[in-house]
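Some notes on the structure that comes next.
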There are 2 protein chains.
Amino acid sequence: MLKFNLKTTENKARRGELITAHGTVQTPAFMPVGTVGTVKAMMPETVKSTGAEIILGNTYHLMLRPTAERVASFGGLHRFMNWMGPILTDSGGFQVMSLSGLRKITEEGVSFQSHLDGSRHMLSPERSMEIQYLLDADITMAFDECVKYPAEKKVVKASMERSMRWAKRSKEAFKDRDGYGIFGIVQGGMFEDLRKQSAQALIEIGFDGYAIGGLAVGEGQKTMFSVLDYTPDFLPLDKPRYLMGVGRPTDLVGAVLRGVDMFDCVMPSRSGRTGQAFTRQGVLNMRNACHMDDHTPLDRDCSCPACRNYTRGYIHHLFRCGEILGSMLLTTHNLWFYQDLMKEIRSAIEENRYQAFHDSFMNRFADDRKM
Amino acid sequence: MLKFNLKTTENKARRGELITAHGTVQTPAFMPVGTVGTVKAMMPETVKSTGAEIILGNTYHLMLRPTAERVASFGGLHRFMNWMGPILTDSGGFQVMSLSGLRKITEEGVSFQSHLDGSRHMLSPERSMEIQYLLDADITMAFDECVKYPAEKKVVKASMERSMRWAKRSKEAFKDRDGYGIFGIVQGGMFEDLRKQSAQALIEIGFDGYAIGGLAVGEGQKTMFSVLDYTPDFLPLDKPRYLMGVGRPTDLVGAVLRGVDMFDCVMPSRSGRTGQAFTRQGVLNMRNACHMDDHTPLDRDCSCPACRNYTRGYIHHLFRCGEILGSMLLTTHNLWFYQDLMKEIRSAIEENRYQAFHDSFMNRFADDRKM
């Protein structure tokens, strides 16, 4: 059982808080991704210092290395990785389709080969629940199937219907405890009627929160927003909504306008390792020689350690030399930028000026939509 | 002018402090290496938290990238890299021999090709002094020539004599300021008479400190100690002595017994990135599967963040997955271990029990000598 308080709304935009066994999360919230038990290139205290209140862990990666049983023997994922705040784990459904080798899907679940060593494994709703329980996830995700985009409607429909049967089995296998919860995942591709059927099926089962899956798979922002124009309306007002794997700053701002409360994405951390910096003046590629003699910070309006203590010229130098500190500083900055954005989003909703904030932001960050 | 206070001695072992423009350094001291303007995988505040009071920067690397002139335009190396404590820079002499491509040595200096892009450069005593001035090094090293080991005595002698002529030119080109100083470098290989001639030549020129170069080049600890049995005796008591590029924990403990005050070495940081941990129980290879289920810290007597908050099993997992955090944690721990060792060394000298500390340490860490 998770408690979610909806504090205030502005049209569809929502300002809430989610109370978990490991702490409270202010929403709208962005969750940094800690794939194998580390937000890459970051100390957990640095992740926390960015303002992040919850992180995401990956069932698929962790079941292969170090294994869920081993994480449990270390006292769960929080203690294993020294992140004492809330953790959401995905179900493995998405990554078993995108990463694993030879796989076979049946009604029972998915048998597959590890992308690391070819060893054989199985994921089913029951096994996914068991893994997420062993990891001690505050928020467990129902096990679902993800289809490729684009796909024919009948394929999307059959897959969604299977995911709903798996959602029921997930809920039944989930061990409920105070401060722990399970989210269902709405599927149905870009089809409104399928999204509606999926949402209704999940509501009938009853979840602590509802995720919107199957987006950010290459459909483009416009199409994604069109799905978000109706899908949140199919969901209960009093439960959190989580848009999985999204996204760019304008994606977040646009999705909040449409009623989404939670997000996760590798973008700020992955971009940080490849030299991309999100700033209030746009996206910078720190590998570019134009930064070589630049004595200014990444973002003059940012108060992160990278912006307080280092110049663009120094960060460029680090990337040019392939230095780990470059990844560390830029990941810190990018996560800080995302969390600052979430703070601004939350304040704007509280102060009933979210529509104006949204319009201005979408204008200023028009470029990020082309990324 | 640098001020060096010799606070107390126990036989040849010395406890002192070196006062520089950017702060005071307690000796015996170990300097972490920050090759291109970063101690690899470390935030400078984390370097400081290990107890390090001074770091080393490399003239050769920095002159190529980002160039000394560019570092100067950023306000010097301290500001460029956000390390506000003292910095010692080497002269480039050692690395131009070990890293650069085609090179030509004349009495004037060394012309060479960059190992990065093949571009042509020149280092001479005057140019090395200019670069170290531009970097704003608290301690500048005289430009010297390094011969390969082993080498015939006549080769070592000729090279040492040239290094002494270059030392004189270095001293003449060095711009003296309060809190800044220049160290000469004793050469002469494994030959006592050459070491003595070299030391006398340097003393005649007059330096703020004296380094012992040309060791840790593959001669082995026993041979190195035999050179250290006599070389420090050729040097003035009231100036710091710096053993360049050394070393393993037992190297430091044995060299302090023989009268050395300062050290630098990539070992703790480089080992940290490859999975090697220095502990009071010996050296561990964290990649070994034996650590997979180990719930204990790296070193139960260490108070570093890696030991306080993480298990051997977790650190093993990070290395197994190639995660940057593994390098971050292990570098932090290893530098902490080295600085803890320096603290123990300093306390033991202060309390007049260094010989006993030395004997016990050499016994306990006998294995590290085989590394």
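The values are calculated or read from the model by the stated rules, or taken from the named source; none is laboratory data. These numbers come from a predicted model, not from an experiment. All Cβ positions, even for glycine, are placed from backbone atoms using ideal geometry, and neighbour counts span all protein chains on display.
Residue by residue, here is whether (1) outside the structural domain of A:Ile185 (by TED's automatic domain parsing); (2) closer than 15 Å to A:Tyr338 by Cα holds:
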| site | (1), (2) |
| --- | --- |
| A:Phe225 | no, no |
| A:Met244 | no, no |
| A:Val253 | no, yes |
| A:Val256 | no, yes |
| A:Cys302 | yes, yes |
| A:Asn309 | yes, no |
| A:Phe319 | yes, no |
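Against the test of being of a type in the set (Val, Ile, Thr), crowded, with 20+ Cβ neighbours inside 10 Å and in contact with a strand residue (DSSP E or B) (Cβ under 7 Å, 6 or more places away or on another chain), the options A:Ile212, A:Ile131, A:Ile205 yield a single qualifying residue, A:Ile212.
Of the strands (runs of 3 or more DSSP E) lying entirely inside region A:47-156, those containing at least 2 residues that are touching a His at 6+ places or on another chain (Cβ under 8 Å) and away from chain B (no Cβ under 14 Å) are A:110-113.
Count of region A:314-371 residues, restricted to those that are small (Gly, Ala, Ser) and buried (at least 21 other Cβ atoms within 10 Å of the Cβ), is 3. Within region B:225-246, being of a type in the set (Gly, Ala, Ser) and more than 22 Å from B:Ile182 (Cα to Cα) holds for one residue alone: B:Ser226.
Looking at A:Glu17, A:Glu10, A:Glu69, just one residue is charged (D, E, K, R) and under 25 Å from B:Ala306 (Cβ atoms), and that residue is A:Glu69.
Out of A:Leu330, A:Leu335, report the one residue that is in contact with a helix residue (DSSP H, G or I) (Cβ under 6 Å, 6 or more places away or on another chain), without any contact (Cβ under 8 Å) to a residue 60 or more places away in the chain and of a type outside the set (Val, Ile, Thr).
A:Leu330 is the lone residue from the list that is in contact with a helix residue (DSSP H, G or I) (Cβ under 6 Å, 6 or more places away or on another chain), without any contact (Cβ under 8 Å) to a residue 60 or more places away in the chain and of a type outside the set (Val, Ile, Thr).
Residues in region A:296-311 that are buried (at least 19 other Cβ atoms within 10 Å of the Cβ) and at the interface with chain B (Cβ under 8 Å from one of its Cβ atoms) were compared, and the one that is nearest to A:Ser49 (Cα to Cα) is A:Pro305. A:Val266 passes every criterion in (1) surrounded by fewer than 24 Cβ atoms within 10 Å (Cβ to Cβ); (2) among the aliphatic types (A, V, I, L, M); (3) over 29 Å from A:Met129 (Cβ atoms) apart from (3). Could you check region A:168-187 and list, in sequence order, the residues that are under 22 Å from the mean Cα position of the chain (by Cα) and in contact (Cβ under 8 Å) with a residue 40 or more places away in the chain? Result: A:Ser170, A:Phe174, A:Gly179, A:Tyr180, A:Gly181, A:Ile182, A:Phe183, A:Gly184, A:Ile185, A:Val186, A:Gln187. Counting residues in region A:334-345 that are farther than 23 Å from A:Gly16 by Cα and not β-branched (Val, Ile, Thr) gives one or more.
Specify the residue that is farthest from A:Asp229 (Cα to Cα); the eligible residues are those in region A:254-307 that are basic (Lys, Arg) and modelled with pLDDT of 95 or more.
Ranking the qualifying residues of region A:254-307, first place goes to A:Arg287.
Residue count for region B:27-50 satisfying the condition of being more than 19 Å from B:Gly245 (Cα to Cα) and not basic (Lys, Arg): 8. Pick from region B:24-39 the residues that are of a type outside the set (A, V, I, L, M, F, W, C), part of a strand (DSSP E or B) and surrounded by fewer than 23 Cβ atoms within 10 Å (Cβ to Cβ): which of them is farthest from the other protein chains (Cβ to nearest Cβ)? Restricting to residues being of a type outside the set (A, V, I, L, M, F, W, C), part of a strand (DSSP E or B) and surrounded by fewer than 23 Cβ atoms within 10 Å (Cβ to Cβ), the top hit is B:Gln26. Annotation note: of B:Tyr338, B:Tyr314, the sole residue that is within 12 Å of chain A (Cβ to nearest Cβ) and in contact with a Phe, Trp or Tyr (Cβ under 9 Å, 6 or more places away or on another chain) is B:Tyr314. Selection within region A:215-239: residues that are assigned to a helix (DSSP H, G or I) and surrounded by fewer than 18 Cβ atoms within 10 Å (Cβ to Cβ). The member of this set that is nearest to the chain's Cα centre (by Cα) is A:Phe225. Just one of the numbered conditions (1) of a type in the set (A, V, I, L, M, F, W, C); (2) farther than 21 Å from A:Leu335 by Cα; (3) crowded, with 21+ Cβ neighbours inside 10 Å is not true of A:Val253: (2).
Screening A:Met286 with (1) farther than 27 Å from A:Lys196 by Cα; (2) surrounded by fewer than 22 Cβ atoms within 10 Å (Cβ to Cβ) gives one miss only, at (2).
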